[in-house]
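This report refers to the structure that appears directly beneath it.
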């Protein structure tokens, strides 16, 4: 079996294009598996995986859990909201206690950027970053790029617009790294207050008008407005944001070409996307959800092989 160049998946920045392509090839095989009548394989039968979520998550946690169970791994779920973390236990104590139960791999989401990197230096288990603060969300970027490849045949040479709350989004940063490594052109678009100052140093175009971004792109990946991360008011109101940056089906139908519409979820319907846009023939949002399980199966399988 081919191996990844890293023992952990901490961020897209740390892995190579070859790693990404190996994950995609492996995910192709697992996608066949999850569409069979019997959806399980015994690949990780002797592996114990702990899902440690210090931040609320439904979609990502369920996707990882399903991926682990499809691979026949033993799964331990840990939610910080009902744990000793609330009593003042440190991150390292919490994880060491879980590792004392002989866990082989940790899937972790944390509100602090760099938390998975910190852990990787202190514990022996493989670590998969399921989102760290506003930093990275590598498996989301992998499933997004995998979905583009599946729909358009390739990522290389495609024009991808990432639209919305770039400033608070870990999805945006991971997507930029993944898409650039795979040879795509990338544009970010949103209100100037939600575009980080450093973003142009990553080799992406910056646009403040949605209509221009949609005219330019082959794929529009629309991000959620992350109100829970916004300490300041970055725009006057959701209604005004929707007016200037929301996308509806009429806008998509009026474009000179057909584009692909994506969203990492959950969607604020009526804010960044209207229901008729999210559910239109342009949208591959439900394909992203299905592909998320296959891509996460591939990541877990390859990382487990990296330690053997």
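Values quoted throughout were computed directly from the atomic coordinates according to the rules given, and no laboratory measurement underlies them. Source: prediction; values computed, not measured. Cβ: placed from backbone, ideal geometry, glycine included. Neighbour counts: every protein chain shown.
Observations on the structure shown:
- Rounded FRET efficiency, nearest 0.05, which uses the C-beta distance separating residue 102 from residue 2 and R0 of 25 Å: 0.40
- In region 138-288, the C-alpha radius of gyration followed by the widest Cα-Cα span (Dmax) gives 14.0, 41 angstrom.
- Take every pair of alpha-carbon atoms less than 8 Å apart whose residues are at least six positions apart; their mean separation over the length of region 138-288 yields a relative contact order of 24 percent.
- The P(r) of the chain has a tail past 24 Å containing 52 percent of all C-alpha pairs.
- Computed from Cα positions, the angle between helix 17-34 and the longest principal axis of the chain comes to roughly 80 degrees.
- Estimated 222 nm signal from helices in the chain, with DSSP H stretches of n ≥ 4 weighted -39500 (n - 2.57), rounded to 500: -11500 deg cm²/dmol
- Estimated from the Cβ-Cβ distance and a Förster radius of 45 angstrom, the FRET efficiency linking residue 257 and residue 36 is about 0.80.
- Taking other Cβ atoms within 10 Å as a rough exposure proxy, 117, 263 sort from fewest to most as 117, 263.
- Among 106, 41, 222, residue whose mean-square fluctuation peaks in a GNM of the chain (springs only between Cα atoms under 10 Å): 41
- Of the residues 200, 237, 174, the one that moves most in a GNM of the chain with alpha-carbon contacts below 10 Å is 237.
- For region 76-211, the ratio of Cα radius of gyration to the globular rule of thumb 2.2 N^0.38 Å stands at 1.25.
- In this label model, residue 215 and residue 28 are separated by 3.7 nm, measuring between points 7 Å along each Cα→Cβ vector.
- Antiparallel %, DSSP beta bridges [both residues in the chain], to 5: 5 percent
- Residues 38, 195, 225, sorted so that the one with the fewest Cβ neighbours within 10 Å comes first: 38, 195, 225
- Exposure proxy ranking for 120, 208, based on other Cβ atoms within 10 angstrom of each Cβ and starting from the fewest, stands as 208, 120.
- Axis of helix 285-306 versus longest Cα principal axis of the chain: the two differ by about 30°, to the nearest ten degrees.
- Full extension of the chain segment joining residue 286 with residue 124 gains 54.8 nm, where the gain is 0.36 nm per residue of separation less the Cα-Cα distance.
- Note on the chain: GNM, Cα springs under 10 Å; of 132, 253, 144, the largest mean-square fluctuation is that of 253.
- Pairwise FRET efficiency - residue 18 versus residue 269, Cβ, R0 = 45 Å, nearest 0.05: 0.70
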